[in-house]
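Written below as structure tokens is the structure these notes are about.
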Amino acid sequence: MTRAMRVSIFSGAASVVWQLVCAIQPLFNVFFQNHLGATAAQLGLLVTIIQLTAVFQIAGIVLYGLIGRQKPIFMVGHVIHRALTAIIAFVAFNVARGGSTQRGIVIIIAAMGISWIFANASSACWWGWIADIFPESMRGEFFMRRSSIIQIVKIVWFFLASTLLDIFPKESTLIVFGVLISVGALAGLLDIVSQIVTPEPLPEKKPDFDVSTVFEPLKNKDFIRYAAAIGLAVFSMNMIGPFQAPWVVNPDHIGAPNTWLGIMSMLTQFLWVICAPFWGTVMDRWGRKSVVILGTLLVVGWIGYLFLTPGNYFIALPLIAIFSGVLAPAFWEGSNQMMLSLAPEKNRVSYVAWYLAIVGLVSAPGSLAGGVLSDTLAGLSIPVGPFEFANFHVVQSISIVLGIFCAFLISRVREGNEKPFGFVVGQIANPQIIRTFQYLDSLNRTETPRANAAILRNFRDESAELAVKDIIELLDDPDGSVQEEAARALGRIRSIQAVDALILRLLDEDSDIRIEAARSLGRIGDKKAVRALVGCLWESGEELQKACIEALADIGDEESIAQVMSFLRENRSERLRQISSAAAARLGIFEAAWDIYPRIITARTRTQRTQYAIAMADLLGKSGEFYQYVSGSASVLQKRQQRLLADFQQNMQNVYARQQKKKSRIKTDLIAKIRSALEEDRNREALQETVVFSKKLLGDLFGAELMEDGKDREFLFRIDQKLGVFAWMTEKADEFADGEEASGETARILTLLIVYFLAVY
């Protein structure tokens, strides 16, 4: 695998040297149109002919069916393809010596047409061959990183070539082009020859050739729809793309030096290098479709050409290049990767061939249409403020509209494993994603458990969704600390994608891993985890049981509620009963009050008593609010409790005011007695006065006999669970206050609990 990767990177670098001067690229377009004198229509015709040769992709299917090998077909076809491009250099040297430019144009069109027939008849085999070597799980990331390295070569080569064209005198331009094209042709051959050492995974037996398999892809509506959409997208780009460089350097239009083509290329390729690995990571994790849609909007960035003038090109051209550098790898690399993901392995060569054929045929007329339209509107000149709307701008506008339409068409294709477009855009738009990508890159470079564990602590929230796949893999790390940090990180990210992996870790031999997995499953909150958490609930180990109870409380479905209540009632561990009480409160299980409240009275320690009281308060009020009234220093507690009493009095005034009855006057004297008793630590008296107030309140609201009749309390519980629990609490507090076993501390906390309810109800 490693050797195949190195060869692939080298051949790609050699290929880009060939492409820049021997294929339909800016430098070749300038040579062909500006120096050979070809019209826009002739350049468009050349591009159209090349793309029409895509129909020979079908020949590749037949060849593969007959031969049963991919590598030989690709090698032979592409050696001929690259060798024929040397004719371009011959034309350049011949014209420089006084040869006919028109004859040279005809020779180039013919030679490149034949050359691309061989290329298209064999290229599908390369895609099938590569897909067999590199698995889909790492294909996107590898090829984007490969693309980054290739773009570095492209930056250097393009800048060198464009600079040489400006350094030498104009009368030597054709000679310089001849030399550059010769170097490119040689590099193109080297690209193919270097791949001899790359192995080809062979099938156990030669596949049987069945003509029906040739046409199988045509039955796949999603695949055909996708190929047509990509073809139309390339059509929109071809309408204007080949003519951009000639327009920019033509003295009659913008008149920028050739060096600016190199600057644009350098900026574009530099950003390609930076962005390509990112797009590859996004594709491997969230699918290809959203990336391709974003890449299709590349043409929107070309709107800058509409505002380009001889006076602002040094600002506008870099901005256009930056936009292209960010989105170009998303489209060109992404579209190919999505094509491979849509093509089934069994008949991949046929799918690839039809894809390339359809894309080529649909996109082929684009450059010809753009060239003919441009020539037809050659005299157009409409002043618009400081700008001049010419034929070039008409074609550019049509291209932009078509590109946007293609993005919509691609959105209708079903890839199968893609994340929604809105989700992907939202993640990409999050500024934190850059930091996540940096951490992810660091994670892939580290070699020590301590370093991995430290990096994992940086993944703190949902913005790190991009890293989930890599973090899941670290759950299998040989080091326990890395496994634990990976489990914690997945919980913080809250990715549904991690649920299955975390459920599996609930069966781990290491109890610490099981605990962290349970906690993370709770944070994620997926109901799929409930059964597995319940399975661990009754096992030994309080920490694991605690984690499972809290996780079930976080998830909060019906099965979780039932298990929490069962655990609360049956478990003999005081600590676990406290945890179950807190969980029941969080879940809003009012029937748990019958189990929790009595434990406040029977608790043996202040800590136990306080924990049960907090759970009871959470059930009746706002979660976590009561904690402040029972924790802290004496001076702090006094101030907080005074504030609670003030809230209690104010709320009671509001309650009585709503009754609008003369007899329903707030018992201010009783409230004053409660306040005074609490402030002076006469806790038993405070509880007694609180019970008296509560009985009078319930009597005023519902009838004096309420506290004497259990059936009435039951009815009250049915119409208002909280009020029903409060009435029962009051009765139990009354019983406790009259008993000899009542302690000052317990009485105080029962008083605060009742007062808290009346303050927030």
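The values are calculated or read from the model by the stated rules, or taken from the named source; none is laboratory data. Everything quoted here is computed from the prediction, not taken from an experiment. We place every Cβ from the backbone using ideal geometry, glycine too, and count neighbours over all the protein chains shown.
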Checklist entry - Among (1) in contact (Cβ under 8 Å) with a residue 12 or more places away in the chain; (2) closer than 17 Å to residue 752 by Cα, which single condition is residue 632 missing? => result (1)
Item to check | Residue among 638, 642, 608, 653 that alone is closer than 20 Å to residue 697 by Cβ and either modelled with pLDDT of 85 or more or in a helix (DSSP H, G or I) (or both) | outcome: 653
Item to check | Conditions (1) modelled with pLDDT of 85 or more; (2) crowded, with 19+ Cβ neighbours inside 10 Å; number of the one not met by residue 92 | outcome: (1)
Checklist entry - residue 460: out of contact with any strand residue (DSSP E or B) (no Cβ under 8 Å at 6 or more places or on another chain), modelled with pLDDT of 85 or more and of a type in the set (Lys, Arg), yes or no? => result no
Checklist entry - When you go through 373, 402, 380, 456 one by one, which is the residue that is among the hydrophobic types (A, V, I, L, M, F, W, C) and farther than 30 Å from residue 253 by Cα? => result 456
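Take residue 384 and decide whether it is surrounded by 23 or more Cβ atoms within 10 Å (Cβ to Cβ) and aliphatic (A, V, I, L, M). Give the derivation first.
On the way: surrounded by 23 or more Cβ atoms within 10 Å (Cβ to Cβ): no; aliphatic (A, V, I, L, M): yes.
Against the criterion (surrounded by 23 or more Cβ atoms within 10 Å (Cβ to Cβ) and aliphatic (A, V, I, L, M)), residue 384 does not qualify.
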Checklist outcome for this item: Of (1) surrounded by fewer than 22 Cβ atoms within 10 Å (Cβ to Cβ); (2) not in a helix (DSSP H, G or I), residue 5 fails just (2)
Next on the checklist: For the range 352-362: of the residues being at pLDDT 85 or above and out of contact with any Leu (no Cβ under 7 Å at 6 or more places or on another chain), which is farthest from residue 58 (Cα to Cα)?
Outcome noted: 359
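Give the residues of the range 169-178 that are buried (at least 18 other Cβ atoms within 10 Å of the Cβ) and not small (Gly, Ala, Ser), sorted by residue number.
Our first condition is that a residue be buried (at least 18 other Cβ atoms within 10 Å of the Cβ); within the range 169-178, this holds for 173-174, 176-178.
Within the range 169-178, 173, 174, 176, 177 meet the criteria.
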Checklist entry - Does residue 265 satisfy being crowded, with 24+ Cβ neighbours inside 10 Å, touching a residue at least 40 places away in the same chain (Cβ under 8 Å) and over 22 Å from the mean Cα position of the chain (by Cα)? => result yes
Next on the checklist: I'm trying to understand the selection: among the residues of the range 286-300, which are in a helix (DSSP H, G or I) and under 21 Å from residue 223 (Cα atoms)?
Outcome noted: 286, 289, 290, 291, 292, 293, 294, 295, 296
Next on the checklist: Against the condition out of contact with any His (no Cβ under 6 Å at 6 or more places or on another chain) and under 25 Å from residue 427 (Cα atoms), how does residue 504 come out, does it pass?
Outcome noted: no
Item to check | Residue that is in the same structural domain as residue 381 (by TED's automatic domain parsing), farther than 18 Å from residue 412 by Cβ and at pLDDT below 80, where the choices are 246, 242, 207 | outcome: 242
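For residue 155, indicate whether it is modelled with pLDDT under 75, within 39 Å of the chain's Cα centre (by Cα), among the aliphatic types (A, V, I, L, M) and assigned to a helix (DSSP H, G or I).
Details: modelled with pLDDT under 75: no; within 39 Å of the chain's Cα centre (by Cα): yes; among the aliphatic types (A, V, I, L, M): yes; assigned to a helix (DSSP H, G or I): yes.
So residue 155 does not fit the description; no.
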Next on the checklist: Need the failing condition index for residue 343 against (1) touching a helix residue (DSSP H, G or I) at 6+ places or on another chain (Cβ under 7 Å); (2) within 30 Å of residue 252 (Cα to Cα), just the number.
Outcome noted: (2)
Item to check | Selected residue (criterion: nearest to residue 748 (Cα to Cα)) from residues of the range 584-616 that are surrounded by fewer than 22 Cβ atoms within 10 Å (Cβ to Cβ) and hydroxyl-bearing (Ser, Thr, Tyr) | outcome: 610
Item to check | Members of the range 390-427 found to be over 26 Å from residue 362 (Cβ atoms), surrounded by fewer than 18 Cβ atoms within 10 Å (Cβ to Cβ) and aliphatic (A, V, I, L, M), listed by number | outcome: 425
Checklist entry - For the range 233-267, how many residues are of a type outside the set (A, V, I, L, M), farther than 25 Å from residue 45 by Cβ and part of a loop (DSSP other than H, G, I, E, B)? => result 2
